[in-house]
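Laboratory data are not the source of any read-out in this text; all were calculated from the coordinates shown. Keep in mind that what you see is a predicted model, and the values were worked out from it rather than measured. When we count neighbours, we look across all protein chains shown, and the Cβ atoms used for this are built from the backbone with ideal geometry, even at glycine.
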Amino acid sequence: MKGMVIKMNMVIEIKNLNHHFGDNKVLKDINLNITEGEIFGLLGPSGAGKTTLINILTGQLQASGGNCNIMGISPTDMTGEHYKQIGIMMDNFGLYERMSCYDNLKFYQMLDNNENINIELVLENINLLAAKKTPVMNLSKGMKNRLAFARAILRTPKVLFLDEPTSGLDPKTVEAIHEMILAEKKRGTTVFLTTHNMYEAEKLCDNIALLNKGKIVEYGAPQDICRRYNHQKKINIHLKNGRDITLEHNKECGVQIQTYFSNDEIETIHSTEPNLETIFMELTGRRFEA
Amino acid sequence: MTYHIKAILWKQLKDTLKNKAILIQFIMFPLMTIIMEKSISLPDMPEHFFGNLFAVMYIGMASLTSAAAIISEEKEKNTLRVLQMCNVHAAEFLIGNAAYIISICMLGSLVIGCSTGYTGITLLKFLLVMLVGHICSFLLGAAIGTAVKNQMSATSITVPLMIVLAFLPMLSMFNETIKKFSKFVFSEQLFVFMNDLSEICITFESGIIMACNAVLILVIFLIAYQRGFKISK
């Protein structure tokens, strides 16, 4: 197919974006392109600038320099109609504590003047139908997160911004939110996700950027990045007899592995690609959770 | 966008009617008026004494504190940000809140007026004076609510202001020096109007004082409004 150009629809474009609070530079020359239907993850420790970038992209904050566009429109020029195509879930919920789950969603439905949304169905999808009359203040953190997620997707947005959607949650709730995010991707929604959880990024994201002190230090598909930083190039094998073997990644190792396989001796086999946290450490000397 | 205002009004009814601290503000003075007007009667007591006194306290407290509390809570809990994302304009947000707070306060004022013994045209005049007072008080409360970051800061500003607005007219009845200063406050002027509802006569001095109060409140409100709702730079 020589000469064929596949043009991907850019949903989020960021060019040389800078931001500072006084003398403190929090974002430095950010360049990113996020395509339609992609789950993009912005990874970095607390204070790296993740929320600031989301605030700029959603028009809550005006960048000090550079450009960004969401579906071809600068966030500062967004009107109500543009906002209807965007869903936002922030780290601090923004839910009405004294109102029930149902009333919270009903209120946002009324703000959009959209009577076509079946709120009970939405609550059922996020497993909160039983708690529909429960005031938000009586919900657990996981339930609040799910409700905030439901509010973000209530308008069936084209772009979804999720700021640390699973931070501080139990594994079961994390799993439930991951499923909801993947369901959104299936629907064609572009997801911009910030997290400091590398497993979440590896599991969900098509592409990630590692952000450190306001600067992107690495970008790409999680697996590609891990392969890029595989300096050891070794293979770890755990045999059924309990022995652990480490082989150099070369021609001879292939023959050896084949022998182990033919003798049905292998319990597990792993390559030694580093995980994202190790790569981040290598690049910045910092840990994600720091 | 009337549906935004309608939605905010609906939300306030659902949300704030469960907020006991706000509810107390709305019903405390009407309730006290009923009790005092029915239970206390002294020989030399001026006509409608308790009714007018509590009415002016109601103006100084209810709409001021509830507006400041509701708006500052929206800021503190980040719900205001979400409303902005839903394209709710500052004016819609404030009109929605004003419609809710002033309507409830006017219901309370009706209770105060009726239990004080006002009827017919006099009751309408009383309600008109109360409406002016609640609007001024709401704008001041809204200015505080939009200017501060959280409810704690709002309370620390509204409490002294509330004391001035609510208690100055009462104190001025007993002290001539206080009266010289209190006449510059809108609640004192409204108290003067209330004390002679049969023939409200706006003197030149009263007119100037009320106009200055209105301009000052509007300026304070507009400054806070512009600062409180702009996108952070």
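Each label point was placed 7 Å from the Cα along the Cα-to-Cβ direction; for B:SER41 and B:ALA211 their separation is 4.4 nm. Here the range A:1-160 has an Rg and Dmax of 18.2, 61 Å, counting Cα atoms alone. Take every Cα pair under 8 Å whose residues are at least 6 apart in sequence, average their separation, divide by the length of chain B, and the relative contact order is 27 percent. Going from the fewest other Cβ atoms within 10 Å to the most, the residues A:THR79, A:THR272 appear in the order A:THR79, A:THR272.
With K and R counted +1 and D and E -1, the other residues having a Cβ less than 14 Å from that of A:GLU115 yield a net charge of +1. Each part gets one Cα centre, and for the range B:15-60 versus the range B:83-98 those centres are 31 Å apart.
In whole Å, what is the distance between the alpha-carbon centres of the range A:63-133 and the range B:143-207? Value for the Cα centre distance between the two parts: 41 Å. Here A:LYS133 is the anchor, and the lysines within straight C-alpha reach of less than 24 Å, apart from those fewer than 8 places off in the same chain, are A:LYS106, A:LYS141, A:LYS144, A:LYS172, B:LYS6, B:LYS11, B:LYS14, B:LYS18, B:LYS20, B:LYS77. Mean per-residue shielding of peptide A:94-101 is 5, counting Cβ atoms of other chains within 10 Å of each Cβ.
Dividing the mean sequence gap of close Cα pairs (under 8 Å, 6+ apart) by how many residues the range A:176-237 holds gives a relative contact order of 19 percent.
For the range B:35-70, the residues whose amide N sits under 19 Å from a probe point set 7 Å from the Cα of A:ARG98 along the beta carbon direction are B:61-70. In this simple spin-label approximation, A:THR35 and B:SER156 carry label points 7 Å from Cα along the Cα→Cβ vector, and these lie 5.3 nm apart.
Could you pull out every residue, at least 5 positions away or on a different chain, whose amide H is within less than 5 Å of the one on A:LYS215? Hs are placed 1.01 Å off N in the peptide plane, and Pro or chain starts have none. It is A:LYS28, by chain and number.
Taking Cα atoms, how many degrees apart are the long axis of helix A:101-112 and the longest axis of chain A, rounded to 10 and kept between 0 and 90? Helix A:101-112 sits roughly 70 degrees off the main axis of chain A. Stretched out straight at 0.36 nm per residue, the stretch from A:GLN62 to A:ARG227 would grow longer than its current Cα-Cα span by 55.7 nm.
In terms of surrounding Cβ atoms within a 10 Å radius of their Cβ, B:ILE223, B:ILE59, B:ILE22 rank from fewest to most as B:ILE223, B:ILE22, B:ILE59.
Here the calculated FRET efficiency for B:TRP10 and B:SER198, from their Cβ-Cβ distance with R0 = 35 Å, stands at 0.30, rounded to the nearest 0.05. Spin-label model, A:HIS20/A:LYS172: points 7 Å from Cα along the beta carbon direction are separated by 5.0 nm. Residue separation of B:LYS20 and B:ILE223 scaled by 0.36 nm, minus their Cα-Cα distance, works out to 70.0 nm of gained length.
Given R₀ = 45 Å, FRET efficiency for B:LEU107-A:LEU182 by Cβ-Cβ distance, to 0.05?
Numbers: r = 51 Å, r/R0 = 1.12.
It comes out at approximately 0.35.
Axis angle, to the nearest 10 degrees, between helix A:171-186 and the longest C-alpha principal axis of chain A: 80 degrees. Relative to the longest principal axis of the Cα atoms of chain B, helix B:20-39 runs at roughly 10 degrees.
Counted by Cβ distance under 15 Å from B:ALA55, the other residues give a net charge of -3, where Lys and Arg count +1 and Asp and Glu count -1. When you restrict to C-alpha pairs under 8 Å that are six or more residues apart and normalise by the size of the range B:96-218, the relative contact order lands at 24 percent. Whole-Hz Karplus values for the range A:83-90 come out as 4, 5, 9, 10, x, 10, 10, 9 Hz, taken residue by residue from phi with 6.51 cos²θ - 1.76 cosθ + 1.60 and θ = phi - 60°; glycine and proline positions read x.
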